[in-house]
Amino acid sequence: MASNLGELLLQEKLLSADQLKSALDYQKKHNVSIGTALVSLEIISEEEMAQALSRQLGYPYIDLNQFEVFPDVIELIPAEITKKHAIMPIHRIRSFLTLAMVDPTDLDIIEDVRFRTGLSIQPVIASESGILSAINKYYGTSHSMRVKEIISEIELSEETKVNIIEDEEDEHDVEELVQVTEEAPIIRLVNSVFVDAIKKGASDVHFEPYENSFRVRYRLDGTLYELMNLDKKYKAPVISRVKILSNMDIAEKRLPQDGRIKMRVKLEQGERKEIDMRVSTVPAMFGEKVVARLLDKEMLKLDLTKLGFEKESLDLFQESIRRPWGIILVTGPTGSGKTNTLYSAISLLNSMEKNIMTAEDPVEFYIPGINQINIREEIGLNFSSSLRAFLRQDPDIMLVGEMRDYETVDIAIKAALTGHLVFSTVHTNDAASTVSRLVNMNVEPYLVADSVALVVAQRLVRRLCKNCREQEKASTESLEKIGFTPEEAKKVTIFRPNGCSTCNNTGYKGRTGLFEVMEIKGQIKDLILTKGQAKEIKHVAQQDGMITLRRSGLEKLKEGITSIDEVLRETVKDEEV
């Protein structure tokens, strides 16, 4: 059969005679099938091999991405069996089960599945990566499967001491809740949720109570995905367990609370990872909603060259942060990576000769050599009082988490004008709008022009998975419409997401930044003094060579880093200069 398949591929000109010879040599040396040899040598892809097998053996080939498999079909074969044999149940009609296989001639597997299900098996061919992706999609990862096992254990075990408390939140007995949360199955369930999120690289975990369900979601690369949807009876013990871990008052359900968890996780490679979690609760309609922010030091990139800056923007930013005085502002919505950019900047400046002080709400990551202060509004330790105290501490560089009010901005400006370098953030849509925001906070325009040195606007977009991205056919008209020049539109190659097991079938893996860096100088200063509009300031900055957020996104498209959808989601088209 091996030689027949090789001859078939040779006849169809999918490989050359030399390539077939190399594959046959590889087959003999490693004792594998000719198909495995061809794929291992990257002569043909898995999909091409599956289609070739289909033509040779006469079994239908299917693309599993085009199929929706129903839960009753999934339940026919246990997850461990699908992974062991690389098979995937697709469809059932009466006593017939359609089964996707890599090798439909393996009668042992077919007989095993027939015995387990009591159904007649109709094999079809699919690629191995396609089958594994489908298994992950429908059965979940090993950790999510473990969670399902724990839930089954809770519901089926007659010996367990866990007593799931029903509705009526106000009638819950606190001592009973504490007892429930200390039972092994609930502890394992909550731990498994956090471990799964940590291993996937999630940034947040959401525990959300609804009228008839209790949903758990995690945020991965900026997008929320559902991890599980439990019965509402799990709401009280799971939330109480998280609150106990966070050192919160589990008896208080009417007011928001904040807490922290430190967790050490053993990874599959045997190494241990320590994670800090910032936990927040708020009273919602059907109970408390809990969100845990996962602070993974390994996810913090403190190398400015790896954040996503274009070369021109990076050169300007690095030059500006080495100024002896002035204000450097980073702007963008929540979750746009502002903290990472600021940490990267002060880490670059961190040295024995510099006294660097930060006021943060809260401190997310500890940086050795830098004096970091946690804001505590309840005792009057806010941004303005911290800045005022900093000025009596002989600082060289100061970082204030956010400029929320006039008092904080006023102190920051005075610090900048008296020889200090100040970093901070503001919530605006782009760099030019930051000036208008400061003026609207009753800051005199001349103070803004004299103190602010640089404004950086940023967004985060998802990176395309390098393993499965595919070329997208886009017309020159559509490319020009989003901002490419006619010349660029004719040459640029655009990629789009596809989905594979490497990226959890999302098509994306990781994120990168889009940056707009505006230096306050010359004509821009003149516009600030005359209270010019944001669009006028942006127009002048573009004439001076500023790379806008949209242009930064277009550069990422040209490099094949992200997709059109991501750029359109995070940026707006620039007006003609």
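The values are calculated or read from the model by the stated rules, or taken from the named source; none is laboratory data. Treat the numbers as computed from the prediction; the structure is a model and nothing was measured. Reconstructed Cβ throughout: ideal geometry from the backbone, glycine too, with neighbour counts over all protein chains shown. These accessible areas exclude ligands, DNA and RNA; they are computed on the full protein's heavy atoms, side chains included. Shrake-Rupley method; radii C 1.70, N 1.55, O 1.52, S 1.80 Å.
Worth pointing out:
- Flag if Ile77 is of a type outside the set (Asp, Glu), open to solvent by less than 40 Å² (accessible area, probe 1.4 Å) and outside any loop (DSSP other than H, G, I, E, B): no
- Ala52 being open to solvent by less than 60 Å² (accessible area, probe 1.4 Å) and modelled with pLDDT under 80: yes
- Filtered residues of the stretch 188-220 (kept if farther than 19 Å from Gly287 by Cα, assigned to a loop (DSSP other than H, G, I, E, B) and either at pLDDT below 85 or open to solvent by 40 Å² or more (accessible area, probe 1.4 Å) (or both)): Gly201
- Positions within the stretch 226-260 being without any contact (Cβ under 8 Å) to a residue 60 or more places away in the chain, open to solvent by 40 Å² or more (accessible area, probe 1.4 Å) and either within 23 Å of the chain's Cα centre (by Cα) or over 30 Å from Thr506 (Cβ atoms) (or both), in sequence order: Glu226, Asn229, Asn247, Asp249, Arg254, Leu255, Pro256, Asp258, Arg260
Okay, residues lined up against (1) acidic (Asp, Glu); (2) open to solvent by less than 60 Å² (accessible area, probe 1.4 Å); (3) touching a residue at least 24 places away in the same chain (Cβ under 8 Å):
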residue: Ile275; (1), (2), (3): no, yes, yes
residue: Gly287; (1), (2), (3): no, yes, yes
residue: Glu310; (1), (2), (3): yes, yes, yes
residue: Ser351; (1), (2), (3): no, yes, no
residue: Met357; (1), (2), (3): no, yes, yes
residue: Gln372; (1), (2), (3): no, yes, no
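- Within the stretch 121-139, residues that are hydrophobic (A, V, I, L, M, F, W, C) have Cβ atoms under 6 Å from residues that are assigned to a strand (DSSP E or B) and open to solvent by less than 10 Å² (accessible area, probe 1.4 Å) in these pairs: Ile121/Leu97; Ile121/Leu99; Val124/Ala100; Ala126/Ala100; Ile131/Met88; Ile131/Ala100; Ala134/Met88, counting only partners at least 6 apart in sequence or on another chain.
- When we screen Pro368, Pro395 for residues that are of a type outside the set (A, V, I, L, M, F, W, C), over 27 Å from Ala541 (Cβ atoms) and modelled with pLDDT of 90 or more, the only hit is Pro395.
- Residue check for Glu364: farther than 30 Å from Leu557 by Cα, surrounded by fewer than 20 Cβ atoms within 10 Å (Cβ to Cβ) and without any contact (Cβ under 8 Å) to a residue 40 or more places away in the chain: no
- The one condition in (1) over 30 Å from the mean Cα position of the chain (by Cα); (2) open to solvent by 40 Å² or more (accessible area, probe 1.4 Å) that Leu387 fails to fulfil: (2)
- In this entry, Arg323 passes the filter for residues that are open to solvent by 80 Å² or more (accessible area, probe 1.4 Å) and at pLDDT 90 or above.
- Candidates Ala23, Ala52, filtered to the one that is in contact (Cβ under 8 Å) with a residue 12 or more places away in the chain, over 34 Å from the mean Cα position of the chain (by Cα) and either under 30 Å from Tyr138 (Cα atoms) or part of a loop (DSSP other than H, G, I, E, B) (or both): Ala52
- Screening Val330 on (1) surrounded by fewer than 19 Cβ atoms within 10 Å (Cβ to Cβ); (2) touching a helix residue (DSSP H, G or I) at 6+ places or on another chain (Cβ under 8 Å); (3) of a type outside the set (S, T, N, Q); (4) in a strand (DSSP E or B) shows it passes everything except condition (1).
- Test: Val443 is touching a residue at least 24 places away in the same chain (Cβ under 8 Å) and over 24 Å from the mean Cα position of the chain (by Cα): yes
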